[in-house]
Amino acid sequence: MVAFVTSALASTSADLSSPVFGHALKADFLFNSSVTMFNHGSYGAVPKKVLSAQYQYVVGVEQFIIDRIDGAWYRDMLLAIRKRVAAYINAPWEDTVLVDNASNAINVIVSGWRFADDEVLLDFSTAYGPFKAYYKWLNATRGIETVTVQITFPVSGPEQIVAALHATLADLKKKGKKPGLCVLSQVTSAPAILLPAKEIISILREEGVPTVLDGAHALGAVPTDLAALGSPDFWMGNAHKWLYAPRSACVLYVSKAFQSAYYPEPTVVDSFGDAFADRFVWSGTRDRSSFLAVSDAMDFREEVGGGGAAGEAATMRYVMDLSRRGANLLAKTWGTGQLAPDSMQGSMANVIVPTTNASSAAAECAKVGSQLKYPHQVEIFAIMQDGLCFLRVMAQIYLELSDYERLASLVNTILGRGQ
Ligand SMILES: Cc1ncc(COP(=O)(O)O)c(C=O)c1O
């Protein structure tokens, strides 16, 4: 077992001390090298170096179980990690904890929320699908109504979303209702766009509505400074997607005003009466090695970009630049466009596929999605949205513009379009 782990993790790109992005970095990951991975953000992909570090934490706990599973070794490391990620998102570390994933975080937040009779939960049509299902469950079990701000694609700009929010708020007022809490995505899942978070949060704050900013796809994908984003009352961001941490680890920020209500869900162990952050240190026996490896993931990002804070910035810049250039290349080759302007994109893009006509779009979309996967081994989602087929394309450090060129021509071939 140990031999398997060490040999699988052994080969990495030659030299991480200089910032060289692109195909050479595929050697740092475990997914099959014949795969073109345009879907990194869905479940993450962990660099070998980070997995090795995680494995060392697993071994360390096994060696000194009593001291380490819940002792100073674990608690000191967790504290250091909370301080590092809090600085990364510009939040106070006292208000920043780790939970398993964004799904867990939304449960922690919303299940503890008390809605008055005239209050609804406000969300956006771009919300992550399973969150919408959770809201349905809240409605069925607790009678909480969810009202949704509708966003239709293609989106012309942030003002379209702000106008839709104003229209929804006005409509609610007419009905004698108001939002008790609003959940919005910093980066939406599919289509993947940046919502104008700062503006939305400020409009809602004027109305007295607290906000949850879902940064599941933001941490490590786009610059995330909670103050610059309008200081949401709650924020969560998965470290296991774009930040390269092992599954699963998610950063949860809760502003001081709301902390008294919050306990880890579903377990509450040793927590009653503890300070907010202390409640999230021990919620039952489990493997917390993925939490401990968050710092190693942040080290990897810095190293790959040439070291230190400048390395982190270079890593993020490469991915964002590649995403923008790649998306424009695809749209230009196909003579189509994107579902939102470049200014609303981060490390993902939504490029419209050149389907023949509206009535064949869904069938062609399914064909493109399945044939890209088999036989072409391209991991990507082809999705229908408002009658249009689009590819959600995720850039990464191990991709290059040539991967986008190949994608452009594969889609042309699948759709039988002349080159
Ligand atoms: C916008 C958004 N929020 C929340 C989640 C849930 O993340 P997790 O599965 O880690 O709980 C996802 C997952 O892709 C997402 O895209």
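The values are calculated or read from the model by the stated rules, or taken from the named source; none is laboratory data. For clarity, every value in this text was computed on a predicted model and none was experimentally measured. Please note: Cβ atoms are built from the backbone with ideal geometry, for glycine as well, and neighbour counts cover all protein chains shown. With ligands, DNA and RNA removed, areas are computed over all heavy atoms of the protein, side chains included. Shrake-Rupley method; radii C 1.70, N 1.55, O 1.52, S 1.80 Å.
Could you check the range 29-49 and list, in sequence order, the residues that are away from the ligand (no atom under 16 Å from the Cβ) and in a helix (DSSP H, G or I)? Step through it out loud before you land on a result.
Going residue by residue through the range 29-49, those that are away from the ligand (no atom under 16 Å from the Cβ) are 29-36, 47-49.
Across the range 29-49, the qualifying residues are 48, 49.
Please go through the range 148-178 and give me each residue that is among the β-branched types (Val, Ile, Thr) and more than 23 Å from the chain's Cα centre (by Cα), ordered by number.
168
Condition check ((1) at pLDDT 95 or above; (2) open to solvent by 20 Å² or more (accessible area, probe 1.4 Å)) across all residues:
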position: 142; (1), (2): no, yes
position: 146; (1), (2): yes, yes
position: 151; (1), (2): yes, no
position: 166; (1), (2): yes, yes
position: 169; (1), (2): yes, no
position: 204; (1), (2): yes, no
position: 211; (1), (2): yes, no
position: 223; (1), (2): yes, yes
position: 231; (1), (2): yes, yes
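Here is a yes/no grid of residues against (1) under 24 Å from residue 311 (Cβ atoms); (2) more than 16 Å from the ligand (Cβ to nearest atom); (3) outside any helix (DSSP H, G or I):
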| residue | (1), (2), (3) |
| --- | --- |
| 54 | yes, yes, no |
| 66 | no, yes, no |
| 82 | yes, yes, no |
| 85 | yes, no, no |
| 97 | no, no, yes |
| 108 | no, no, no |
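What about residue 104, is it within 21 Å of residue 245 (Cα to Cα) and within 13 Å of the ligand (Cβ to nearest atom)?
Yes: the conditions hold for residue 104.
Could you please let me know if residue 76 is more than 24 Å from residue 392 (Cβ to Cβ) and part of a loop (DSSP other than H, G, I, E, B)?
No: the conditions fail for residue 76.
Pick out the one residue from 239, 227, 140 that is hydrophobic (A, V, I, L, M, F, W, C) and touching a strand residue (DSSP E or B) at 6+ places or on another chain (Cβ under 8 Å).
Result: 239 is the single residue among 239, 227, 140 that is hydrophobic (A, V, I, L, M, F, W, C) and touching a strand residue (DSSP E or B) at 6+ places or on another chain (Cβ under 8 Å).
In the range 114-135, how many residues are over 27 Å from residue 388 (Cα atoms) and of a type outside the set (Phe, Trp, Tyr)?
7
Quick check on this structure: which one of 82, 68, 114 is within 13 Å of residue 251 (Cβ to Cβ), touching a helix residue (DSSP H, G or I) at 6+ places or on another chain (Cβ under 9 Å) and of a type outside the set (Gly, Ala, Ser)?
On the way: 68 fails: within 13 Å of residue 251 (Cβ to Cβ); 114 fails: within 13 Å of residue 251 (Cβ to Cβ).
Answer to the check: 82.
Within 16 Å of the ligand (Cβ to nearest atom), closer than 30 Å to residue 405 by Cβ, surrounded by 20 or more Cβ atoms within 10 Å (Cβ to Cβ) and under 19 Å from the mean Cα position of the chain (by Cα): does that describe residue 244?
In short, yes.
Take residues that are open to solvent by 40 Å² or more (accessible area, probe 1.4 Å) and tell me which of the helices (runs of 4 or more DSSP H) falling wholly in the range 264-363 contain 3 or more.
Details: elements: 276-279, 289-292, 294-304, 308-334.
Counting at least 3 such residues, we get 294-304, 308-334.
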